[in-house]
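Accompanying notes for the structure given below.
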Amino acid sequence: IISERSQWKALFDWMVSIIVAYTCFTVVLYICFEVKPEGWIATMESVFDWIYWADLIFSFLQEYKDPETQQPVRNFKKIAR
């Protein structure tokens, strides 16, 4: 279980936020101007896709605070729910 105070997870979340901002701009570019990514940009965007999948998996592995007790929840089933 990943601690909610984990420094590497905080850095990973910042990286994902930057990637989301990049994606917001490039998707508009690709749709409006019918541009397709090529070369290293296409490779970079494939890496971003894998990072999104990793973020999804990490979300099911990160503890959270119970709203009533304010205690960290580290149970897989409760986190997934």
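What to note about this one:
- Neighbours by Cβ (under 7 Å, 6+ apart or cross-chain): first from the range 28-45, among the hydrophobic types (A, V, I, L, M, F, W, C); second outside any helix (DSSP H, G or I): 29/35
- Candidate set from the range 58-75 (those that are without any contact (Cβ under 8 Å) to a residue 60 or more places away in the chain and hydrophobic (A, V, I, L, M, F, W, C)); member that is most open to solvent (accessible area, probe 1.4 Å): 60
- Selection status of residue 68, touching a Phe, Trp or Tyr at 6+ places or on another chain (Cβ under 8 Å) and part of a loop (DSSP other than H, G, I, E, B): no
- So residue 55, is it at pLDDT 95 or above and either closer than 18 Å to residue 3 by Cβ or open to solvent by less than 90 Å² (accessible area, probe 1.4 Å) (or both): yes
- Summed over the range 1-23, residues that are hydrophobic (A, V, I, L, M, F, W, C), without any contact (Cβ under 8 Å) to a residue 24 or more places away in the chain and open to solvent by 60 Å² or more (accessible area, probe 1.4 Å) total 5.
- Selection from the range 53-81 of residues that are basic (Lys, Arg) and within 21 Å of residue 10 (Cβ to Cβ): 65, 74
- If only residues of the range 24-52 that are assigned to a loop (DSSP other than H, G, I, E, B) and open to solvent by less than 80 Å² (accessible area, probe 1.4 Å) are counted, the one that is nearest to residue 13 (Cα to Cα) is 37.
The values are calculated or read from the model by the stated rules, or taken from the named source; none is laboratory data. Quick caveat, the model's predicted, so the values are computed rather than measured. Positions of Cβ are backbone-derived with ideal geometry, glycine not excepted, and every protein chain shown enters the neighbour counts. Side chains included, ligands, DNA and RNA excluded: accessible areas come from the protein's heavy atoms. Shrake-Rupley method; radii C 1.70, N 1.55, O 1.52, S 1.80 Å.
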